[in-house]
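Worksheet for the structure shown next.
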Amino acid sequence: MAFRKAVKGTALIGGGAIATVFGLSQFSQYRNKHGALVQVQAAEVVPVKNHLPTREQQILALQTNSEFDVIVIGGGATGCGCALDAATRGLKTALLERYDFSSGTSSRSTKLIHGGVRYLQKAIMKLDFEQYRMVKEALEERAHLLQSAPHLSAPLPIMLPIYKWWQLPYYWIGIKLYDLVAGSQCLKSSYVLTKSRALELFPMLRKDKLVGAIVYYDGQHNDARMNLAIALTAARYGAATANYAEVRRLLKTTDPASGKLRVCGVRCRDVLTGKEFDVRAKCVINATGPFTDSVRKMDDEEVPNICQPSAGVHIVMPGYYSPDNMGLLDPATSDGRVIFFLPWEKMTIAGTTDSPTDVTSHPIPTEEDINFILSEVRNYLGADVEVRRGDVLAAWSGIRPLVTDPNSKDTQSISRNHVVTISDSGLVTIAGGKWTTYRAMARDTIDAAIQEHNLKAGSSKTMGLQLEGAHDWSPTLYIRLVQDYGLESEVAQHLASTYGDKAFEVAKIAQVTGKRWPIVGKRLVSEFPYIEAEVVYGVKEYARTAVDIISRRTRLAFLNVQAAEEALPRIVDIMGKELNWSEQKKKEELETARKFLYYEMGYKVKTDQLTDSSEISLVPSDIERYKKRFHMFDKDKKGFITILDVQRVLQSISVQIAENTLHEILNEVDLNKNGQVELNEFLQLMSAIQKGHVSGSRLAVLMKSAEENLRRRAAIPVDRSGGGV
């Protein structure tokens, strides 16, 4: 206790002195500049469209408008932010995205809305005022994001465990500075925990040598839905907003005053129909994230690169790996990188890595990165918590568009500050930055565009502007959904936190279940609260592929790839009816979505854990035990079991399981895909389970339960038990 008081005394003196230099000098300036303007600016802007135009209407608007003021290329957070900023200033705006909104980096983040604790550390250690300004701006924007879409975001306490006494005052001073720099925008004050209290709040923590912990607050959000909310809000304010609209090249015309070529629009292709058309504008903005340089080279092939891409891999694990409302920060991993371990959508997300990569539209998580994250997680969790490779439910890689010198090779030391550049031909490029500061990036970009192209518009009006779904949302909105529509409480909470006040529109089209309860809301898969009505509503939100639904309108692919694959046939059927797909088109969508899950969401690494060449490392007694279990199903000693064998055993103990479910269960283990599970495949499965490479196998659970229930005649569970990829 005496030590803790001494630490606090020292920290207050040291922290207060540094904070005076870095934080308090700008605190009153921020309050005076922004505090009185937030509600005024928001009140000045009124949406011009009560109903979202259809995608077909948006494409028609792009084709028929003679000239826009601004064309924004890129439908990520920054591009959509630029479109919203321009539209709310009264500029005639077009937004073009080659794939779906948030299909790239913006949906593959750590899901944090944060100022950057590590950047503040660099600012102090190196007396770097630019780093400090970046952190302060990010903290201001953090507050804005939490206010503009409260249904999609919330404060999250994050624990920093301390294992050495000297680190306690060091980190405490740094975290208190983080609070002070935030000023009036501080979410909640950070605090110190004793060892016992830290273990009470985060019981999975490694106990030995734990000194205590520090807890600070940042924000967390549903990144893809936030991105979509920005795009939909821009559409409501009049922006011609289109996904699957690819820019093929830039259009140029000769400026009569200077005689120079100037960018005057783009050649666009509707990816869904193949039709090409020109879209003209006074200003074209390049907000394409990792693809920034490819668009710049459309303007000038000789221009040097300004972006150096960095790959960040994340994994998702079952929710029992972390408390429901407490994250964890590892500030110094074995190789110096930072790892977050956070609760998200009732699961646990861990990441990220940071390594140079090539730019691609389809980044793939590697087994090396997944194992690195698992290794770091093991370092912080107690010995009684077995961190299994098989518990990885999903994995993905996102490409960060870091701004750098083209000759730099060290992506870890690069600031994520943003830059706005304007080419000789007038192409405006916004590059770098981070999710949290998307609004400020958009503001600076549109300011530069207005000045360069003499556009008639006032100052930015997005500070304090509420996004799609936020206007009439309240924390208790879900109760009305339960009471008025008869939705399950879990489903109602999910709809309210995903769609905000638009949740009622989803509830209105939810199908009757035919059960006493819930009255409406058929789930796509049993263990997640996503319902079939969301697929229909997703089409209204411009979803045009099955991947759009499983990854961005819902987050199923990011939470559990096996569950996503299970939901795909029903999703494709619903979309087929809404979009008049042929049977051939439905087959293509299924194949494309499965390929997406296989390569981009970590399903491939599942199959790599259990292959027909997997080593069987079982002791002889285990082999005999598993053989006996296998032969209980393989009565004829064929050396394999089929669905008929399983059905026969289940019938003998009066258990019924749907035939299509049995096909799915056997297919998970049928490595050579010949419609049967051979003894060797079964032994490979049991060996992989023992090593932790595979978990939650429904066949293994079923066969073990059947063996026991032949004596007890009890029910056999067949739901997934949290098994991963």
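Of note:
- Number of residues in region 286-317 that are under 15 Å from V266 (Cα atoms) and either out of contact with any Ser or Thr (no Cβ under 7 Å at 6 or more places or on another chain) or open to solvent by 20 Å² or more (accessible area, probe 1.4 Å) (or both) equals 7.
- Once region 43-97 is narrowed to residues that are surrounded by fewer than 21 Cβ atoms within 10 Å (Cβ to Cβ) and either under 17 Å from Y438 (Cα atoms) or among the hydrophobic types (A, V, I, L, M, F, W, C) (or both), the residue that is modelled with the lowest pLDDT is A43.
- Filter pass, S184 being without any contact (Cβ under 8 Å) to a residue 12 or more places away in the chain, exposed (fewer than 15 other Cβ atoms within 10 Å of the Cβ) and part of a helix (DSSP H, G or I): no
- Within region 413-458, considering residues that are polar (S, T, N, Q) and free of Cβ contacts under 8 Å to residues at least 24 places away in the same chain, the one farthest from D218 (Cα to Cα): N454
- Tally, over region 567-609, of residues that are at pLDDT 95 or above, more than 24 Å from S526 (Cα to Cα) and of a type in the set (S, T, N, Q): 3
- Any strands (runs of 3 or more DSSP E) falling wholly within region 266-364 and containing at least 3 residues that are within 23 Å of I175 (Cβ to Cβ): 327-330, 339-344, 347-351
- Residues within region 261-292 that are in contact with a Cys (Cβ under 9 Å, 6 or more places away or on another chain) and in contact (Cβ under 8 Å) with a residue 60 or more places away in the chain, tallied: 13
- A507 within 20 Å of the chain's Cα centre (by Cα) and assigned by the TED database to the domain that holds L597: no
- Every residue from region 502-512 that is outside any loop (DSSP other than H, G, I, E, B) and open to solvent by less than 40 Å² (accessible area, probe 1.4 Å): A503, F504, V506, A507
- Residue match in region 331-348 (condition: touching an Asp or Glu at 6+ places or on another chain (Cβ under 9 Å) and of a type in the set (A, V, I, L, M)): yes
- Candidates K195, K207 - the one that is out of contact with any Phe, Trp or Tyr (no Cβ under 7 Å at 6 or more places or on another chain), open to solvent by 10 Å² or more (accessible area, probe 1.4 Å) and modelled with pLDDT under 95: K207
- Looking across L662, L683, L666, L679, one residue alone is modelled with pLDDT of 75 or more, open to solvent by 10 Å² or more (accessible area, probe 1.4 Å), closer than 18 Å to E566 by Cα and among the aliphatic types (A, V, I, L, M). It is L666.
- Qualifying positions in region 576-601 - assigned to a helix (DSSP H, G or I), more than 25 Å from S107 (Cα to Cα) and open to solvent by 90 Å² or more (accessible area, probe 1.4 Å): K577, E583, Q584, K587
- Inspection of region 86-101 identifies at least one residue that is over 30 Å from Y216 (Cβ atoms), among the polar types (S, T, N, Q) and assigned to a helix (DSSP H, G or I).
- On the stretch given as region 516-532, residues that are free of Cβ contacts under 8 Å to residues at least 60 places away in the same chain and either surrounded by fewer than 23 Cβ atoms within 10 Å (Cβ to Cβ) or acidic (D, E) (or both) total 10.
The values are calculated or read from the model by the stated rules, or taken from the named source; none is laboratory data. Just so we're clear, the structure is a prediction, and the values are computed from it rather than from any experiment. Ideal geometry is used to build each Cβ from the backbone, glycine not excepted, and the neighbour counts take in all protein chains shown. Side chains included, ligands, DNA and RNA excluded: accessible areas come from the protein's heavy atoms. Shrake-Rupley method; radii C 1.70, N 1.55, O 1.52, S 1.80 Å.
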